[in-house]
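The next block holds one structure in the form of C-alpha cells; read it before the comments.
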Amino acid sequence: MTVPETLLDTPLAGLHRELGGRMVPFAGYAMPVQYPAGIMAEHQHCRAAAALFDVSHMGQAELLGEGAAAALERVSPADVQGLKPGRQRYGLLLNDAGGIVDDFMVANLGDRLFLVVNASRKHIDLPLIESALPAGVRLNPLPDRALLAIQGPGVAAIIPSAMRFMDAALMTIAGIEVLASRSGYTGEDGYELSVPAERAEALARALLAMPGVMPAGLGARDSLRLEAGLCLYGNDLDEATSPVEANLTWSIGKRRRMAWDFPGADRVRAELDNGPARLRVGIRPEGRQPARAGTEVQQGGADVGVVTSGGFGPSVNGPVAMGYVARPAAADGTELTLMVRGKPLAARTAPLPFHPHRYAR
C-alpha cells in the first residue's frame, strides 16, 4: 500500500520498514499493520512469549501544579485525587450529556500526573482538559516522546521488576531511562514504556534483541484487545455512549458517585438507578464466520443492536465480537441473529473477556 505523504511518522518508522512492516494510515500516522510473520503469528506469539508494539501515535502529556488531580476531575468521573504516587488508573473524559469524549490512562508520578490519550482524540482531549484548569495548573503536551508496549507472559523474565499491574515508575532498560507502567491493551502482562523520541529506536532494538521478542502491528493489537474485551474508541465508545451503557461504571470513583460532581452526572445517575436502554456485551457467532463492526443484531426478527467490534479470535479459535444490544437481550447466553452480508448468522451473548486477563497482580 502506498502511504500518502501527508501522514505523520513515529520515531520508529525507519525500523518498521527495515523489519518489513506493511504500513497503513491510522489516526493520521503511517503505522505497521503487520510484519512478514503475519497477524495470526504475531497474536499467538504475544499470548505465548512477548511482542513489541509501537504506540507512539498516542497522545502523551503531563499535568503540573497544585490541584492538578482536582482539575482533571472537572472533566472526568475518575477518582484522580485518590490515586496514590506510583499508581496508574483508567479513566473517561465525559461531555455534559454524559457521553464519552475519550478514555485515557493517568499515572501519579508524585510531582505531576502523566496522561496517555488516544491518537485519534488527542486534538480534542488536550484542549478539553486545558479548558478546566485553574490558575497554577498547566498541561504540558509531550510530542517529543515515543511510546512502546511490550506485552506477553515472557516479559516478566526479560524485564525483571517488583512492579505490579498498574504501577508506574522510572526504569532503566539497556541503559535507557524510561517511564514504565505495568499495563497494556492485550490482556497480557507487560509494560508501556514512554521514552524520549531520540532514544526510541535504540530501545526498540534492545527489546527486540531480548529472548522471545518479536515485533507486532496494529492487526494483532486489535485481535488481542478484542479477545480481552477492551474497548476501541470510535468503535465501542463515542460521544453519544455513556459509561453505564459501555459497562465501564467501575471506572467511576466511589467518592464521585456520592458527590455527582462530574459532567453528565445526571444521565449516569439515572441509568445506574433505572438501567440503561442498551448495554455493551460480548457476542459469540456460531461457526467460523466473523461478524464485523456495523453488523445488525436481531432477536425474533426485530433489530435490537449493532456489532461495534468483531473478527476472528486466534486464541479462542473462533469468531468473537462486541456490540450494544437492548437491555432485555443483554443477559449472557441470549440467542441472537447477526445479519452478515444480508444472511442470518446465529449467535449468543457471552461474558467478557473471551480470553482471560493475565496481569501481574
Give me the pairs, please: first residue somewhere in the stretch 23-50 and among the hydroxyl-bearing types (Ser, Thr, Tyr), second residue anywhere and outside any loop (DSSP other than H, G, I, E, B), beta-carbon distance under 9 Å, and either six or more positions apart or on two chains. 29/8; 29/13; 35/16; 35/22; 35/41; 35/42; 35/214; 35/215
Which of the residues spanning the stretch 189-218 are buried (at least 21 other Cβ atoms within 10 Å of the Cβ), in a strand (DSSP E or B) and among the aliphatic types (A, V, I, L, M)? 193, 195, 213
Those strands (runs of 3 or more DSSP E) completely within the stretch 259-361 that have 3 or more residues that are over 30 Å from residue 168 (Cα atoms) and either under 26 Å from the mean Cα position of the chain (by Cα) or modelled with pLDDT under 95 (or both) are 278-285, 302-313, 318-326, 343-350
What residue, of 115, 92, is crowded, with 23+ Cβ neighbours inside 10 Å, within 17 Å of the chain's Cα centre (by Cα), closer than 11 Å to residue 243 by Cα and not charged (D, E, K, R)? 92
Every residue in the stretch 316-361 that is surrounded by fewer than 20 Cβ atoms within 10 Å (Cβ to Cβ), in contact (Cβ under 8 Å) with a residue 12 or more places away in the chain and under 21 Å from residue 44 (Cβ atoms), please. 316, 318, 352, 353, 356, 357, 358, 359, 360
Considering only residues that are acidic (Asp, Glu) and farther than 15 Å from residue 22 by Cα, which ones fall in the stretch 39-56? none
Does residue 128 satisfy being crowded, with 16+ Cβ neighbours inside 10 Å, within 26 Å of residue 266 (Cα to Cα) and either free of Cβ contacts under 8 Å to residues at least 60 places away in the same chain or of a type in the set (S, T, N, Q) (or both)? yes
Just one of the numbered conditions (1) surrounded by fewer than 19 Cβ atoms within 10 Å (Cβ to Cβ); (2) touching a Lys or Arg at 6+ places or on another chain (Cβ under 9 Å) is not true of residue 263; which one? (1)
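The values are calculated or read from the model by the stated rules, or taken from the named source; none is laboratory data. Since the structure is predicted, the reported quantities are computational estimates derived from the model, not experimental observations. Backbone-built Cβ (ideal geometry, glycine too); neighbour counts: all protein chains shown.
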